[in-house]
Amino acid sequence: MISVIVTSMKTKFLVSLTTDDNDYQIEQAASAAQDVARRLGVEIQIIYADNDSIAQSQQILNVIQSRSGAPPDGIIFEPVGGTALPQVARAAAAAGIGWVVLNRNVEYITEIRKAYRVPIFLVSSDHEQIGRIQGQQFAALLPKGGSVLYVQGPAESLAAKQRTSGMYETKPADVQVKVMRAQWTEASSYRAVSSWLRLSTSHQNRIDLIAAQDDGMALGARKAFQELPDNAARQHWLSLPFIGCDGLPKTGQAWVKRGLLTATIFAPPNAGQALEMLVKAFQTGSVPPEQTLTTAVSVPPLDFLAATQAEKTRLLSV
């Protein structure tokens with residue numbers, strides 16, 4: 001979890017994120033939030049929850065209830081667990097603290113906005129759209145159908161559920177999906193795929209593509225295949241397409257350029273946008289929209305993926 005506190009003589013804000021072992025979360029803090037904070041002339045403190053929803057709740061409550069200094073004017077956070085901390089949100093609002101949820105659609109936002117005058121809203125990637133794009137990538141890369149090894153985020157993650165739902169909306173009927181779970185980190189995906197590879201059934205099922213719900217997990221899966229002792233098996237797995245999500249310039253997009261990934265999906269980090277909206281709300285008294293969704297795009301574009309795959313198939317058939 002990351003929490004960012006922005007401090008000045010005028011305003012200060014807290015941003016709480018899920019883990020510091022994920023390239024998207026690191027980008028949320030390092031580039032998105034910190035760059036905006038510098039531009040706006042505010043200070044920020046960043047804390048991480050280590051993928052622990054109880055720890056995240058306690059960290060934020062400690063800030064709200066602290067008697068050692070003035071509380072923040074606003075809190076920006078990306079939830080670890082499925083509840084998105086409704087009681088903590090009410091405690092913040094009751095204390096006059098703004099509340100912004102990242103990457104989660106939560107029903108309590110509407111209720112709390114009616115009860116309190118502080119800025120309360122959410123900024124999120126459109127996770128179902130991300131899933132739909134990934135399903136379309138399956139179609140582009142597997143025009144004759146096939147089977148996908150699919151690494152999902154944790155079971156309690158709404159983003160993981162929405163990305164999966166979107167994927168099933170657009171994947172072709174002749175593309176089958178084998179699902180396993182990880183924790184939004186490269187290491188957790190590596191462990192999950194390594195454990196699966198130790199099962200005899202893993203060598204009996206044909207897999208044509210490896211996909212993950214974020215780029216780090218895609219790299220973790222690739223690492224598991226790289227460590228296979230059998231050279232023929234290792235080369236076979238590594239010759240398959242690997243695709244991920246988030247598509248940050250220094251990680252996912254760079255990995256596509258290097259050939260480690262075949263494709264990714266760029267989902268703009270939104271902590272900076274949320275911070276800018278929150279600061280503006282306090283400075284001007286404006287009321288931000290209840291929900292703001294960012295737009296994701298395929299990297300490379302879907303038509304390029306399809307054309308590249310068609311050319312590859314043509315060359316193999318010559």
Task: Scope segment 26-56; condition at pLDDT 85 or above, open to solvent by less than 10 Å² (accessible area, probe 1.4 Å) and within 17 Å of Q273 (Cα to Cα); matching residues - done: A33, A37
Open item on the list: Quick check on segment 106-113. Is at least one of its residues outside any helix (DSSP H, G or I), under 23 Å from P268 (Cβ atoms) and open to solvent by less than 70 Å² (accessible area, probe 1.4 Å)?
Closed with: yes
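Residues are listed down the side, and each one gets a yes or a no for (1) among the polar types (S, T, N, Q); (2) under 20 Å from Q134 (Cα atoms):
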residue: P172; (1), (2): no, yes
residue: V177; (1), (2): no, yes
residue: E186; (1), (2): no, yes
residue: R191; (1), (2): no, no
residue: W196; (1), (2): no, no
residue: S202; (1), (2): yes, no
residue: I207; (1), (2): no, yes
residue: R222; (1), (2): no, yes
residue: D230; (1), (2): no, no
TODO: Would you mention how many residues in segment 60-97 are open to solvent by less than 20 Å² (accessible area, probe 1.4 Å) and not aliphatic (A, V, I, L, M)?
DONE: 5
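Listed here are the residues, each with its yes/no results for (1) modelled with pLDDT of 95 or more; (2) open to solvent by 40 Å² or more (accessible area, probe 1.4 Å); (3) farther than 14 Å from A221 by Cβ.
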| position | (1), (2), (3) |
| --- | --- |
| A159 | no, no, yes |
| Y168 | yes, yes, yes |
| K171 | yes, no, yes |
| K178 | yes, yes, no |
| Q183 | no, yes, no |
| S188 | yes, no, no |
| R191 | yes, yes, no |
| S195 | yes, yes, no |
- [ ] Report whether or not V88 is within 25 Å of A29 (Cβ to Cβ), of a type outside the set (S, T, N, Q), in contact with a Ser or Thr (Cβ under 7 Å, 6 or more places away or on another chain) and part of a helix (DSSP H, G or I).
- [x] yes
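The values are calculated or read from the model by the stated rules, or taken from the named source; none is laboratory data. These numbers were taken from a predicted model, which means no experiment stands behind them. Every residue, glycine as well, gets a Cβ built from its backbone with ideal geometry; the counts of neighbours run over all protein chains shown. We work out accessible area using only protein heavy atoms, side chains counted, and drop any ligands, DNA or RNA first. Shrake-Rupley method; radii C 1.70, N 1.55, O 1.52, S 1.80 Å.
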